[in-house]
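Colleague: Supplied in structure tokens, the structure appears directly below.
The values are calculated or read from the model by the stated rules, or taken from the named source; none is laboratory data. Since this is a predicted model, take the numbers as computed values, not measurements. Ideal geometry is used to build each Cβ from the backbone, glycine not excepted, and the neighbour counts take in all protein chains shown.
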Amino acid sequence: MRSLLFVPADSEKKLARAMESGADALIVDLEDSISAEHKAQARAAAAEFLGTVAAWPARPRLIVRINGLSTGLTDADLDAVIPAKPDMVMLPKAEGGPSVMHLDAKLAVREAIGGLPDGAVKVVALATETAQSLFVAGTYRGSSQRLAGLTWGPEDLSAELGAEANRDADGRFLDPYRFARTLCLAAAAAAQVQAIDTVTIDFRNEAAMRRECEDGRRDGFTGKLAIHPAQVPVINAVFTPTAEAIARAQAVVDAFAAEPGAGVVAIDGTMVDRPHLARAQALLERAKAFAEG
């Protein structure tokens with residue numbers, strides 16, 4: 001998933017527009033974009049939407065952001081949406097592997113009741129939204145076969161830290177949030193799941209959007225959250241391997257295939273080693289996945 005677009009569950013108009021955005025995934029939101037008095041209405045709307053579009057061909061992946069485990073709202077969210085068969089749920093304010101295991105158990109019960117295969121509904125966790133979450137970021141590995149990705153969020157974290165801002169005057173993240181971003185990236189690598197970068201809130205600033213996408217790709221993220229359909233084309237373009245990148249990666253793979261016992265090979269006068277091979281293979285796998293849709 002390159003682009004994951006947030007959409008309020010209670011906005012039929014925005015949901016319809018999102019389906020035409022080109023996003024790889026839609027995050028139907030039951031959490032921050034829905035006020036307390038509208039939660040029940042949003043659950044019903046989410047279930048209706050999922051039921052309507054789930055069987056559409058070539059649709060984006062359908063993810064529901066539920067309310068966090070500490071809110072007392074999680075069970076009602078899952079009761080409403082799991083029968084409608086979302087592809088994934090997003091767990092906000094996750095605090096390490098134990099929170100994913102807790103959600104796994106809740107999902108397993110509802111899958112059994114609804115006649116769904118065990119493990120059918122995957123999980124993406126928001127891994128760095130609380131101060132406590134920073135201390136347990138390394139515990140996601142092995143927590144659940146459902147875990148498909150980790151992402152991070154600076155807004156809730158900055159509120160919990162009591163910060164005045166999470167970005168500087170140029171729009172770049174300040175140190176506490178760069179630390180949280182790095183923890184998310186490392187946690188995803190350790191758990192062998194997708195690392196997904198956070199949103200760019202200045203959605204009209206295409207230059208800032210592109211810069212953050214390119215920074216994320218450079219560092220190891222393979223997708224990015226979006227809050228507006230206009231962000232989707234930039235995200236998709238930056239996180240889709242270019243023909244040149246694919247050619248370079250294939251050259252690395254071919255060079256090692258020609259010398260299977262080598263630890264280091266030379267390509268165009270440059271020495272490359274086994275970590276380069278791993279990166280090249282990963283890029284080719286992503287390119288193949290995007291090509292296959």
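Colleague: Specify the residue that is farthest from Ile63 (Cα to Cα); the eligible residues are those in the stretch 133-159 that are loosely packed, with under 14 Cβ neighbours inside 10 Å and in contact with a helix residue (DSSP H, G or I) (Cβ under 9 Å, 6 or more places away or on another chain).
Modeller: Taking the candidates together, the pick is Gly138.
Colleague: Okay, next question. Here are some conditions: (1) among the charged types (D, E, K, R); (2) in the same structural domain as Phe173 (by TED's automatic domain parsing); (3) touching a strand residue (DSSP E or B) at 6+ places or on another chain (Cβ under 6 Å). Glu214 meets all but one. Which one does it not meet?
Modeller: Result: Glu214 passes all but (3).
Colleague: Also, quick follow-up: Could you check, for the stretch 25-34, whether at least one of its residues is within 17 Å of the chain's Cα centre (by Cα), surrounded by fewer than 20 Cβ atoms within 10 Å (Cβ to Cβ) and assigned by TED's automatic domain parsing to the domain that holds Gly96?
Modeller: The answer is yes, given that some residue of the stretch 25-34 is within 17 Å of the chain's Cα centre (by Cα), surrounded by fewer than 20 Cβ atoms within 10 Å (Cβ to Cβ) and assigned by TED's automatic domain parsing to the domain that holds Gly96.
Colleague: Also, quick follow-up: State all residues of the stretch 102-115 that are crowded, with 16+ Cβ neighbours inside 10 Å and either touching a residue at least 40 places away in the same chain (Cβ under 8 Å) or of a type outside the set (Asp, Glu) (or both); if no residue qualifies, say none.
Modeller: Matches in the stretch 102-115: His102, Leu103, Asp104, Lys106, Leu107, Ala108, Arg110.
Colleague: Shifting gears a bit: I'm checking my understanding of the structure. Among residues of the stretch 92-142 that are among the β-branched types (Val, Ile, Thr) and not in a strand (DSSP E or B), which one is farthest from Ala180 (Cα to Cα)?
Modeller: Ile113
Colleague: Another question about this same structure. Note down all Cβ pairs under 7 Å where the first residue falls in the stretch 4-28 and is over 13 Å from Gln231 (Cβ atoms), the second is among the acidic types (Asp, Glu), and they're at least six residues apart or on different chains.
Modeller: So the pair list comes out as Pro8/Asp29; Ala9/Asp29.
Colleague: Being out of contact with any Asp or Glu (no Cβ under 9 Å at 6 or more places or on another chain), closer than 23 Å to Asp10 by Cα and crowded, with 24+ Cβ neighbours inside 10 Å narrows it down to one residue among Val53, Val64, Val89, Val124; which is it?
Modeller: Values: Val53 fails: crowded, with 24+ Cβ neighbours inside 10 Å; Val64 fails: out of contact with any Asp or Glu (no Cβ under 9 Å at 6 or more places or on another chain); Val89 fails: out of contact with any Asp or Glu (no Cβ under 9 Å at 6 or more places or on another chain).
Among Val53, Val64, Val89, Val124, only Val124 is out of contact with any Asp or Glu (no Cβ under 9 Å at 6 or more places or on another chain), closer than 23 Å to Asp10 by Cα and crowded, with 24+ Cβ neighbours inside 10 Å.
Colleague: Only one residue in Gln281, Gln231, Gln250 is buried (at least 19 other Cβ atoms within 10 Å of the Cβ) and either out of contact with any Ser or Thr (no Cβ under 6 Å at 6 or more places or on another chain) or modelled with pLDDT under 90 (or both). Which one?
Modeller: From the options Gln281, Gln231, Gln250, the qualifying one is Gln231.
Colleague: For the stretch 70-84, check the following and say yes or no: at least one residue is among the charged types (D, E, K, R), surrounded by fewer than 17 Cβ atoms within 10 Å (Cβ to Cβ) and touching a residue at least 12 places away in the same chain (Cβ under 8 Å).
Modeller: Within the stretch 70-84 (the criterion being among the charged types (D, E, K, R), surrounded by fewer than 17 Cβ atoms within 10 Å (Cβ to Cβ) and touching a residue at least 12 places away in the same chain (Cβ under 8 Å)), the answer is yes, since at least one residue qualifies.
Colleague: When you scan the stretch 147-176, how many residues do you find that are over 19 Å from Gly220 (Cα atoms), touching a strand residue (DSSP E or B) at 6+ places or on another chain (Cβ under 8 Å) and hydrophobic (A, V, I, L, M, F, W, C)?
Modeller: Qualifying residue count, the stretch 147-176: 1.
Colleague: In addition: Would you mind listing the helices (runs of 4 or more DSSP H) fully within the stretch 170-275 where at least 1 residues are under 17 Å from Arg2 (Cα atoms) and within 15 Å of the chain's Cα centre (by Cα)?
Modeller: On the way: elements: 175-191, 206-219, 232-239, 243-258.
Fully inside the stretch 170-275 and qualifying: 175-191, 206-219, 232-239.
Colleague: Quick one: Ala58 ticks every box in (1) more than 20 Å from Ser33 (Cβ to Cβ); (2) in contact (Cβ under 8 Å) with a residue 60 or more places away in the chain; (3) buried (at least 23 other Cβ atoms within 10 Å of the Cβ) bar one, so which box is it?
Modeller: Condition not satisfied by Ala58: (3).
Colleague: Moving on. Identify the single condition in (1) among the hydroxyl-bearing types (Ser, Thr, Tyr); (2) surrounded by 14 or more Cβ atoms within 10 Å (Cβ to Cβ); (3) farther than 30 Å from Asp29 by Cα that Thr200 does not satisfy, given that it satisfies every other one.
Modeller: Looking at each condition in turn, Thr200 falls short on (3).
Colleague: Mind listing whichever residues of the stretch 37-84 are in a helix (DSSP H, G or I), under 22 Å from the mean Cα position of the chain (by Cα), of a type outside the set (A, V, I, L, M) and under 15 Å from Val7 (Cα atoms)?
Modeller: Arg43, Phe49
Colleague: Continuing with this model, one more query. Please state which of the following conditions Ala163 fails to meet, knowing it meets all the rest: (1) farther than 29 Å from Pro275 by Cα; (2) small (Gly, Ala, Ser); (3) in a helix (DSSP H, G or I).
Modeller: (3)
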